[in-house]
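Note sheet for the following structure.
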Amino acid sequence: YQPEWSCGFDSLTSYADPSNVVEVQNFDGMISSDGTSFSIARAGSGTLTPSVINSTLVVGTSQYGASDWNVSRTYLKFNLASLPVNNVVTIAALKIRCIAKQNPTWNLEIHPAYMADSATSLTYDDWVATTSQESAYAFHASSLSALGTKDYSILTLNSTGRAWLQGDAGGYTPIVLRYYRDVAGLAVTTIQYGQFAASESTVDQPPFLE
């Protein structure tokens, strides 16, 4: 499935023609990390389960038992081959559909990811590359509890995020969605997550950039 984003005047790109529409190849997937402690799960040094064939994507941190923690991150990559390298990105937003959530007491954050342009799978390296990215590198933070479950939620990227997109003009832009407790290293004693529609979903709206 190839979602669309429209690149109109003063939108994701600064094209003069607001009717210009570009087909964007969207790659998405998630990595679920299980460990006997929160720190092990967060570091990815327990059991990692990558998945790129999934109609839903999960972001969150949870404790299921005395020695059973889970941290999940969602990875998205968009083809920006049609974005001119000299273009200025003035406004950009990620649109995602929240399918379900449980005890969403903290923020969902957008961070940079470092997948290769040619990557068609998720690996341990994708997980490790983002663990050191703290809040200063966040492109957006929204209260997960405030995200609606009936339609798209619009996550507007800040100047750091727009610069990340602009730097990937002519290629691919990879990002990762993380739960604030994962970013901040705050352990949980409950189940906290958000579940989002993926590009494979035939019922719900897949993620796209606008």
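Listed values, structure above:
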quantity	calculated
Mean Cα-pair separation over length for the stretch 113-199, i.e. relative contact order, pairs under 8 Å, 6 or more apart, %	34
Three-way shape call for the stretch 116-210 based on the alpha-carbon gyration tensor, with the a/c threshold at 1.5	rounded
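A short reminder: the numbers here are calculations on the coordinates, not readings from a lab. Remember, predicted model here, so these are calculated numbers, not experimental data.
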